[in-house]
Amino acid sequence: VGMLRHQHISFRNFVGSNGAPQAVFTFLLVPCCLALNFTAPPLIPNIPFLWAWNAPTNHCAEIFSMPPDLGLFSLVGSPQKDVTGQPITLFYADRLGYYPKINERTGVHKNGGIPQVASLKKHLDKAEKDIAYYMPIDNVGLAVIDWENWRPTWVRNWKPKDVYKKASIELVLQQNRHFTLKEATKRAKADFEKAAKSFMQETLKLGKFLRPNHLWGYYLFPDCYNHHYNQANYNGSCFDEEKRRNDALNWLWKESTALYPSVYLNTKLKSSPQARLFVRNRVQEAIRLSKVANVKSPLPVFVYTRPVFSDMSSKFLSQDDLVSTIGESIALGASGIIMWGSFNLSLTKQSCMNLSNYLNTILNPYIINVTLAAKMCSQVLCHEEGVCTRKHWNSTDYLHLNPMNFAIQRRKYGKYTIHGKPTLEDLLQFSENFYCSCYANIHCKKRDIKNIHTINVCFAEDVCINASLNSDLYVSTELYFLAISS
């Protein structure tokens, strides 16, 4: 049985040259809530960070009798077309109503091709039946609409999606033969965006009405369009113009009950600093837009990622890559992670073996690490009434367990245990770099660190941190304070 230590995950040492007491004294002066900030409450009580698995890996169990260990994921669902009644439902374009689209290769129009030609009523009537089929019971869960053929913002339909602009302009010219191309383009833009808004907005309204216990939103909304990571001096930032375009979609953020940005990595970003910048800015943009409707009651942000690279489905993310995706998302205050995967994860017995090995040795231990660190920080800084969020969003501070003090062990039969306990310096790291984002409608209480004598957080059965803090260090801190005061 091997010990899984995360030695290459940085954990800053905040003890000054004068020793631990000075550091502890500084810690005692830092209140829990430095700024009034809010986050969405957890979807499931006592689970501040939600882990969801959305991949057709049931084949590993059904065909090869090799079920992957998904016990750490609160929600597990398959995106297969014939699977219904799942806690996470992903609606592709052919599974929800009559989504208008154009085949970019052949030019064939389906369901009208463009939204201003399609029948919204027929679409909603069909969507109602589809929702009843895929979601027969309104349990708590996630409802994600994956419509990627066109974008509701006209200018964002660049090649090859410009077929929607061309078809819209042609329609206007057919109806108004005296229009110039400039006039037709202006009218087409207005007509397209109005119809696109109606399709997306009314579909959300229908879903929320029929299944109000699910959190509804669109995959890849919002997007940051910061894919220029091959350029020199890449800093990951979203262009100001793209932020303004996102602001113009305020109707979408107000209608959604969750946001589902994507941070898929390709191999060009493998183990690179650009990956963290890429993800950080995409998640931060989603956090910003989650507050459009109500800054005191933001939308939950569930970040879509993959266990493999988008351009190499047989190559799993390394632990460095997990820090760049999962670690960034948690540190910025996201509500959860959705791991999406294709059939490639379970095509063969070997692929199922590879997936199981990856879960057992890389992904699951890292999930345990960041979850327990986040819970510990929440307990210390938030009274478990909020989540810890970076004070400086563009920093490299993460919610990780100190590898010098903790080790995660996987025992026989797949059970995990954790060994170690935090020090006051570990808690100081949280206070130095994170503040508490209170759950909506809760005003966080300031925490007197001197009154914290125990840490008690769990992720799963037997995966807990139970520790008593050394009260002698508090005494030495007070004596140190008296000494420097006199």
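The values are calculated or read from the model by the stated rules, or taken from the named source; none is laboratory data. Just so it is clear, the structure is predicted and the values come from calculations on it, not from any experiment. Every residue, glycine among them, receives a Cβ derived from its backbone with ideal geometry; neighbour counts consider all protein chains shown.
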Q) Are any residues in the range 258-275 surrounded by fewer than 23 Cβ atoms within 10 Å (Cβ to Cβ) and within 14 Å of the chain's Cα centre (by Cα), and if so, which ones? A) Ala258, Ser262, Tyr264
(Q) Just to be sure before I move on: is Phe64 in contact (Cβ under 8 Å) with a residue 24 or more places away in the chain, touching a Cys at 6+ places or on another chain (Cβ under 9 Å) and among the aromatic types (Phe, Trp, Tyr) in the structure I sent? (A) yes
(Q) I want to confirm something. Restricting to the range 299-325 and keeping residues that are in contact (Cβ under 8 Å) with a residue 60 or more places away in the chain and aromatic (Phe, Trp, Tyr), which single residue is surrounded by the fewest Cβ atoms within 10 Å (Cβ to Cβ)? (A) Tyr304
Q) Which one is farthest from Leu142 (Cα to Cα) among residues in the range 294-341 that are part of a strand (DSSP E or B) and modelled with pLDDT under 95? A) Ser314
Q. Which of the residues belonging to the range 131-164 are under 18 Å from Ser198 (Cβ atoms) and charged (D, E, K, R)?
A. Arg151, Arg156
Q: Determine which single condition Asn357 fails, assuming it passes every other condition in (1) out of contact with any Asp or Glu (no Cβ under 7 Å at 6 or more places or on another chain); (2) in contact (Cβ under 8 Å) with a residue 12 or more places away in the chain; (3) outside any loop (DSSP other than H, G, I, E, B); (4) not β-branched (Val, Ile, Thr).
A: (2)
Q. Can you spot a residue in the range 183-195 that is touching a residue at least 24 places away in the same chain (Cβ under 8 Å), within 20 Å of Ser119 (Cβ to Cβ), among the acidic types (Asp, Glu) and in a helix (DSSP H, G or I)?
A. yes
Q: For Lys129, indicate whether it is over 27 Å from the mean Cα position of the chain (by Cα) and in a helix (DSSP H, G or I).
A: yes
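Among the residues of the range 238-256, write down those that are in contact with a Gly (Cβ under 6 Å, 6 or more places away or on another chain) and loosely packed, with under 12 Cβ neighbours inside 10 Å.
At the first step, the residues of the range 238-256 found to be in contact with a Gly (Cβ under 6 Å, 6 or more places away or on another chain) are 256.
Residues satisfying the conditions do not exist here.
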Q) Can you tell me which of Tyr358, Tyr398, Tyr416 is of a type in the set (Ser, Thr, Tyr), out of contact with any Lys or Arg (no Cβ under 8 Å at 6 or more places or on another chain) and surrounded by fewer than 23 Cβ atoms within 10 Å (Cβ to Cβ)? A) Tyr358
Q: Go through the range 152-176 and give me each residue that's buried (at least 19 other Cβ atoms within 10 Å of the Cβ), more than 28 Å from the chain's Cα centre (by Cα) and not hydrophobic (A, V, I, L, M, F, W, C).
A: Tyr164, Lys165, Ser168
